[in-house]
Every structure is written in C-alpha cells, then in structure tokens.
Amino acid sequence: MQFGGDERAQSVLVGSILLFAMLIIAFSTYQAFVVPSQNAEVEFSHSQQVENEFSELRSNVVNAVESGDERSTSITLGTRYPSRLLALNPPAPAGAISTTDPEPIDIDGDAGPVNVCSVGETTTRSLVYEPGYNEYRDAESTVYENTFVATTFRDGEPVPRTQRLIRDGRIDLLVLTGDISTSRTTAYGIDVNATHRYSYGTVEDPVVTLPSQFTAETWETRILEEREDVSRVTDTGDGRVRIELDGSFDVTCAVAGLNSDPAFQPPGGTDDGVRSGGGGGETGGSDGGSNGGGDPPAVDQLTADLGSGNSYNVNYQVSDSDAELVTVELILEAQDGTEIDSATAYDDGETDRVQGNNGDLKNTGPNDPYRVRLVATDAAGNTAEATDTV
C-alpha cells in the first residue's frame, strides 16, 4: 500500500518563516523611523531647555551687576534618550560650551573716542553653546552676548530675545570676561561675579563698535529692529559690528566674570550703587520724592522681560535706610503712559529691603514696546520710582 506525502509540516514552517519575517520588518521599521523620531523630540525639548537656561544666565548676569551678589546657573550641555527594551539608541549627545576670544569695544562721540570703562582697552566675549545632536539638525548654536540671548539655526534667521544694550537715551555696556571651554553630556555650572555699574555721562551721536557672532544685517533687522535712533549698522570686517546712533545717550559700563572675578574694574566698580564718571552726565535710575522727611527709598534693581503667555517677569530690589518700606507697586504702561496692568509686589511694611520676582503683569495687546514702572513707598511717606522698557 502506498501513502501520499504529508505536507502539513511544510505549511507550519512556511507560516513561521513569514511571521518571523514580519517581526523583523516591524522591528527594522521601528528602529529606522520611530526611534529617530522619538530621539529628535528629546533633542528638541533639550534645545528649548538650553535656551531657557541661557535666559536665566542672562538674568543672573544683569542681577549680579545690580545686586553685587554672586549668581549661579547650570547649563545642561547634553541629554539622554529613554531606555528601550529591544531597540538601540545612539550614544547620548554631548554639547560644547565656550567663550570666544576677547575682542575690543569702542565708543566714539562727536568729540572723539570715549573711554567708558576707564581701562586701557575694553574687551568682551560671547558665550556660545553648540549641541551634538544625532537627529535634531535645525538648532546650530545658542549665544549670549551684549545683554541678549539668541538661537541660531542652520536654515533660517537667528532668533534673538530682547536686548538691553541700547534703550531710550541709554547705552548700557555689560562686558563679559572669563574663559570657558568644555564638552560633556551633563550639566555645567557657571558662577557670575560682577562689578557695579559705572556711569560715564552723556555722549552725543555715539558710534558703538563691538564684537558679535551676528552680522550687521541681523543687528539692524532683528536685534535692533524697533530702535528708531539707530541710523546705520555695518560690518567692520574683523568680526565686529559698527552701530551709529542719533541723539544724546547716557553711557554706562559694568563687567561680569564667568567662573572668575571680573578681568578689570571700572571706576566705582567695588563700591555700592552706580557711580558717575568724567563725562559730565547724570546717572539714570530711580526718581525719589520726599514727603515725610528722611531719604526716599532706593530702587537698586528693576529688570523686566516678556515671558510666556503675554506675562512679564519683573526682578526688583528696593531698599530704604531711614524707614520701613510699606508698598512696592508695579505698573505696565504703553509708551504714551497709558496703564495696561498693575500688581502689588509687596505690602507688608516690615522690612528695609525687598527683593523678588513678580510675574503678575499681563498684556493682551500687540507686542509693541512697553515699560514697567515701579513705585515704592516707605513708612515716612517718601516715594521712589523707576522704569524699565521691555
């Protein structure tokens, strides 16, 4: 008797091979497309984190100048991908952070060169972060220089945040010193030590030439685009930009050292407060009024920046040597003086010094330049005011 061949085992084998092949294809697709996409999201989130940390560093540099206290910031240079059971991740990306070589800042007025910081040569640096991402290719670098933070992209224009170098009738130099150069996947701490601000005085039609990571076109069309007192910005050909201004400007200088003491001290840099210099101008800041005797409060610090959700972050410090502070009010105004919003920053009346951060001011209008006005009142009825343009 003869029996026919049994092919059932072949069917099982073929089915197993097909199933295994489908699993291999699915895993390959996951490894080739899903993993890179998820890692790119991790890297993008990290780039946003670094930009926020640079903004915090910028605030700490400004606040160190105003308060005289050492400030610390951590920059997270690298990131890590989520753990995976089967799929493979590339090595964790490291980032590099470094300061550029010091380059000179020059200011010329209608009467000739102005030695604002009263040293032989005033030099400053930029702080540059460069990521080593594996997937997110858009972000090229994040830079802090000349009082502002900007992120550069491989395709597209740099995106700068609000600068505080040139404001209405003021040029506030904030010179950066210190040598940083490192690459790692972990956070890197930066301590900021700064001098107080020195006021040179008034300069007519000043020309500011300073080192920058950005072109004259970027300065003119993005960094200073809302400044009507800028007549022209040009590249000098040596990595610096030349900014020509129209009008009278009070010029000040402060020096901040990164992970070191400031490389030099302008006149009055070791004393409290802002010092006047040889330019013959008057120091800007707070205007006080005496209603009840004694000295009015002193506004030691007022910096305002536009945050998220149309809210404003306001850092302030007010002191009074003669009487206890009663209230500190914050008012958001349009340039014509129209009040947009207000908030009470302090109303306890039991201290001679108030310092803090307030985020209660909000604006629902267009993103035009606004100013934050601080009004402090002490127990003797004396008041002081200060404003900061946002």
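Yes/no per residue for (1) aromatic (Phe, Trp, Tyr); (2) modelled with pLDDT under 95; (3) under 20 Å from THR182 (Cα atoms):
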position	(1), (2), (3)
PHE33	yes, yes, no
PRO36	no, yes, no
ALA40	no, yes, no
PHE44	yes, yes, no
GLU53	no, yes, yes
VAL65	no, yes, no
THR73	no, yes, yes
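Among the residues that make up the stretch 158-166, is at least one of them aliphatic (A, V, I, L, M) and modelled with pLDDT of 90 or more?
The first filter runs over the stretch 158-166 and keeps only residues aliphatic (A, V, I, L, M), leaving 159, 165-166.
The next check asks that each one be modelled with pLDDT of 90 or more; those that pass are 165-166.
Within the stretch 158-166, one or more residues are aliphatic (A, V, I, L, M) and modelled with pLDDT of 90 or more.
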Note on ASN89: of the conditions (1) assigned to a loop (DSSP other than H, G, I, E, B); (2) at pLDDT 95 or above, unmet is (2)
Of those in the stretch 334-355 that are more than 14 Å from PRO297 (Cβ to Cβ) and of a type in the set (Ser, Thr, Tyr), the residue modelled with the lowest pLDDT is THR338
Being small (Gly, Ala, Ser), on the phi < 0 side of the Ramachandran plot, in the same structural domain as ASN146 (by TED's automatic domain parsing) and modelled with pLDDT under 90 is the requirement here; does GLY201 meet it? no
**Asked** Is it the case that some residue within the stretch 257-279 is modelled with pLDDT of 85 or more, surrounded by 16 or more Cβ atoms within 10 Å (Cβ to Cβ) and not in a loop (DSSP other than H, G, I, E, B)?
**Response** yes
Among residues of the stretch 163-212 being small (Gly, Ala, Ser) and assigned to a strand (DSSP E or B), the residue surrounded by the most Cβ atoms within 10 Å (Cβ to Cβ) is ALA194
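The values are calculated or read from the model by the stated rules, or taken from the named source; none is laboratory data. Values in this document were obtained by computation on a predicted structure and should not be read as measured data. Note that each Cβ is placed from the backbone with ideal geometry, even for glycine, and that neighbours are counted across all protein chains shown.
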